[in-house]
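Please read the structure below before turning to the comments.
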């Protein structure tokens, strides 16, 4: 597949996840509980992937001799942890702080992948990664008083989980598409559906609408993320996802009338420049 298309997959995934995270924050503001958000997001993703995959069955010709059940289970569990921890962190800290912490996962992916592949550490790539993280810190404009302990712990758990998902997804037995999305979403969909109805939460209509919009972003983010992983690998995909905080800020500026400070503009420039540099050097990690 053409690398330009593969990079576009990562960029679309970043835009989609940015929209999903912003909608989640608005759902909380509208009165949605974290359990309702996760219930709607996981169930919607499973239903859409199941229906689309079912419609494609007659056209499919499988070349796999076996199913990677254990790997799919690992991806499913840690995808669930990533999404649940990330969204829960937004309840305890601002979305900008949560993003700042969660986006340590490209650095974790880079070093873990280098260790697993027995590669020497590329110093220039490592510097660019840390520069991107510094850019996110500037972009967040985080108040020191806003760093709640639980929010930090949950965001770190999300970062570690996403790094594991990124690396585990890069395997010949993992074919991206709706079938993969269906398989990894069935477990969290069942789990959070049961939890939601057991707790008998009231449904807030405005909150539900934002939850559904957040699930749209999640579906697009997951679909294109796994396509990008399969095409250009976990490290390059993680590098491109540093653009998500930039897109999140852009959504806030254009649709939520947010105003960003000059230091945040510096953060945007740093992230874009560092991402460009990482992409130039990162092709060796495909």
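Suppose the chain between residue 54 and residue 126 were pulled fully straight at 0.36 nm per residue; how much longer would it get relative to their current alpha carbon spacing?
Working it through step by step, the gained length comes to 21.7 nm.
Mind giving me the FRET efficiency for residue 116 and residue 199? R0 is 41 Å, r the Cβ-Cβ distance, nearest 0.05 is fine.
For residue 116 and residue 199, the calculated efficiency is 0.55.
No value in this document is a laboratory result; all are computed from the given coordinates. Small disclaimer: the values here were computed from a predicted structure and weren't measured. As a convention, Cβ positions derive from the backbone with ideal geometry for all residues, glycine included, and neighbour counts pool all protein chains shown.
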